[in-house]
Every structure is written in C-alpha cells, then in structure tokens.
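Here the structure is laid out as structure tokens; the discussion comes afterwards.
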Amino acid sequence: MRAISPNFFQSELCRGPFVYTLTDLHQSNLFVDDDWNITKVLDLEWATSRPVEMLHPPYWLTNQSVDGIDAQEYEQVHQEFMDALEEEERAFPGYGPNRLFLSNILRRGWTSGAFWYSLALDSPTGLFAIFYDHIQPRFEKDHLNDPGFFGIMKCYWSMDANSFIQAKLKDKEEYDSRLKDAFAADIPNTAQ
C-alpha cells in the first residue's frame, strides 16, 4: 500500500492541511433527534489528525459492509453527499475562489481512488477485498483473471506469508469447529 500511495494523493497536500477525523464513525456511534440532526457522537478515543485527502464520506451510506461496497450504488449516494457538502460550504462565511474546498478534495479523492485507498487503510478486515476490488484494477485489470498474480502477490503481504496463511487457516478451522460445537450443545435433538 505504501508503494502505491503517490498514485492517490497530491504532493502539494502532503504537508497539510490536516483534519481531525473520527476513524470509527458508524451508525451505532451516532445519536440523532427526531429531525435526524446528530446530537451526540460516541467513541471519540479513535479520533486522529490526518491528511485532508484521507477524509471521506462514511462507507456505510449504502448500508453495505466495508468489504462488500457496490461502487456504482455507492457512487450515487457519494454524489448526493458531495452536493450537500458543497451547498453547505458555499453558504459558509468566507466562501471565495481562493479557499480550499473540502468537497473538491473529496470529489478528487473519489475520482483518483484515494477514497478506496484510505478506506482500505481504515479497515484491516476489508483491506484485501477493497484492494482487489477497487485499487488493484486501476493498475492492471487483467491481473484479476490471472491466478498467478494472486500466488505471487500474497507473498508480499507479510514475511513468510505461506506459514502465516497456513496458521490462519488452521486457526479458522479450529474456531469453526468450536463454534459449531458450542451451538450444537444448545440445540435440542428434535429428530424422532
């Protein structure tokens, strides 16, 4: 991910501005009133200051999991979000041609792929799916149809990747077995 970051971010913004962002912002961390105005935000301990280009609209606007976002469906909601943000920016005192507009940066992030790149970094569980579905095809679409690509690429995700993968697969099998046993113990035998 580090090697491809220059493809997504503008060098003139790498030294700022930086914005205070909530990295764990999702529906269950928001309280709203009867008119859908946000009244409270929870989990502020996950807030951090990041480059403005890493800010993006919430991934859950289409109510899809981070690793299952349909880009075409999300694009429609993203556009609606951007239009509302731009309208708010234009109404803000100090609107003018020399001002840096967040809506422009976020739109450029959608076009450049910075949205997907930042989202992948925000979501360790979604990183692989986001990379293969939305980032990697920007570089070479045919690799997705080449099984050799995945065999080679996996080796660069961590040192001694094959041992790591085997250990994780074994852990998953053991977890599935324990989970099945736990639920089987709670289900009465109804077969007659």
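The values are calculated or read from the model by the stated rules, or taken from the named source; none is laboratory data. Nothing here was measured: the structure is a model prediction, and the numbers come from that model. Neighbour counts run over all protein chains shown; Cβ positions are idealised from the backbone, glycine included.
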Name the one entry in 99, 15, 107 that is over 15 Å from the mean Cα position of the chain (by Cα), of a type outside the set (Asp, Glu) and in a helix (DSSP H, G or I).
107
If I go through the stretch 65-91 residue by residue, how many of them are at pLDDT 90 or above and assigned to a loop (DSSP other than H, G, I, E, B)?
2
Just checking, which of 37, 7 is of a type in the set (S, T, N, Q) and under 23 Å from residue 117 (Cβ atoms)?
7
Residues located in the stretch 128-151, provided they are aliphatic (A, V, I, L, M) and at pLDDT below 80
144
Have a look at 70, 43, 83 and point out the one that is acidic (Asp, Glu) and touching a strand residue (DSSP E or B) at 6+ places or on another chain (Cβ under 9 Å).
43
Out of 100, 119, 25, 106, report the one residue that is more than 30 Å from residue 136 (Cβ to Cβ), touching a residue at least 24 places away in the same chain (Cβ under 8 Å) and out of contact with any strand residue (DSSP E or B) (no Cβ under 7 Å at 6 or more places or on another chain).
100
From 53, 88, 80, grab the single residue that is assigned by TED's automatic domain parsing to the domain that holds residue 20, of a type outside the set (Gly, Ala, Ser) and in contact with a Lys or Arg (Cβ under 9 Å, 6 or more places away or on another chain).
53
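The rows are residues; the columns are (1) surrounded by 11 or more Cβ atoms within 10 Å (Cβ to Cβ); (2) at pLDDT 90 or above; (3) hydroxyl-bearing (Ser, Thr, Tyr).
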{"position": "5", "(1), (2), (3)": "yes, no, yes"}
{"position": "9", "(1), (2), (3)": "yes, no, no"}
{"position": "25", "(1), (2), (3)": "yes, no, no"}
{"position": "30", "(1), (2), (3)": "yes, no, no"}
{"position": "35", "(1), (2), (3)": "no, yes, no"}
{"position": "46", "(1), (2), (3)": "yes, no, no"}
{"position": "93", "(1), (2), (3)": "no, no, no"}
Of all residues in the stretch 18-50, how many are in a loop (DSSP other than H, G, I, E, B) and either over 19 Å from residue 127 (Cα atoms) or not assigned by TED's automatic domain parsing to the domain that holds residue 106 (or both)?
7
If you take the residues of the stretch 95-137 that are among the aromatic types (Phe, Trp, Tyr) and farther than 20 Å from residue 52 by Cα, which of them is surrounded by the most Cβ atoms within 10 Å (Cβ to Cβ)?
131
Return a yes/no flag: does the stretch 176-189 have any residue that is modelled with pLDDT under 80 and among the charged types (D, E, K, R).
yes
